[in-house]
Amino acid sequence: MSFTVAALYRFAPFDDPAALRAPLIDLCAAQGIKGTLLLAREGVNGTIAGSAGGVAAVIAHIRALPDCADLDVKYSTAAALPFQRMKVRLKKEIVTMKVAGIDPARDAAPYVDPADWNALVDDPDIVLIDTRNDFEVGYGSFKGALNPHTRSFGDFPDWWRANAERLAGKRIAMFCTGGIRCEKSTAFLKSEGVEDVVHLKGGILAYLEQVPAGESRWRGSCFVFDERVSVGHGLVEVGEGE
């Protein structure tokens, strides 16, 4: 038996995220779903796993929430259930940056589809920035990408401000695991006056799912936040190392 895994997020205005928590807990329990969902005034983020029908029921419920019809979801499979319990948590942010006034729903930079990403990786005039932390980058990254060596996403604004002068005027392309950190980090760069910035639509997971291994510019595997540890092309489980 295999299990369906769904990594999801949506920046959406929730007036009362606490009111959304109990119905999600009840639905996940009824459907046998495990994983983690984060709720905040800026939206929803998380990864869940279970039967295909159970995951579909939870996704349908979230899509019915305010401004969540276009919920970003990336599906994969796992041979064993990659979570032991279900957590639905209330947070100040669904991905923590600690910079006031950032609105990814309004200000995120343009997307680049996975099919078009290799052209940016191969362009010597593009500065490719990996917005994940140093531990994640250790599993793999795109050829030639800049690693900020952050310990957490909240360190990224300080790293950018320390390096903004040397990167001024450059065209910047950013990526992360599933897209959520890039929506927020590109919105942050735009708030800092950067105009020429784009990011990978659907993140590394979409790239590994859609781009054939023979054409790939990815090196290594992609760390994921569950018991599979990391995945490779086709989102096949890799584990601790490739």
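Here are some notes:
- Residues considered: V211, V198. Of these, the only one that is touching a Pro at 6+ places or on another chain (Cβ under 8 Å), in contact (Cβ under 8 Å) with a residue 24 or more places away in the chain and under 23 Å from T47 (Cα atoms) is V211.
- Matching residues, segment 63-80, being closer than 27 Å to G234 by Cα and part of a loop (DSSP other than H, G, I, E, B): C68, A69, D70, L71, A79, A80
- Scanning segment 187-218 for residues that are closer than 22 Å to A6 by Cβ and either in a loop (DSSP other than H, G, I, E, B) or out of contact with any Ser or Thr (no Cβ under 9 Å at 6 or more places or on another chain) (or both) returns L200, K201, G202, A206, Q210, V211.
- Selection within segment 219-239 - in contact (Cβ under 8 Å) with a residue 40 or more places away in the chain and either assigned to a helix (DSSP H, G or I) or in contact with a Pro (Cβ under 8 Å, 6 or more places away or on another chain) (or both): D226, E227, R228, L235
- In segment 108-146, the residue that is nearest to the chain's Cα centre (by Cα) out of those that are outside any strand (DSSP E or B), farther than 16 Å from V229 by Cβ and among the β-branched types (V, I, T) is T131.
- Segment 128-137: number of residues that are surrounded by 20 or more Cβ atoms within 10 Å (Cβ to Cβ) and either acidic (D, E) or in contact (Cβ under 8 Å) with a residue 24 or more places away in the chain (or both): 6
Read-outs: derived from the displayed coordinates by stated rules, not from any lab. Fair warning: this is a prediction, and the values are worked out from it, not measured in the lab. Here Cβ is always computed from backbone atoms with ideal geometry, including for glycine, and neighbour counts include all displayed protein chains.
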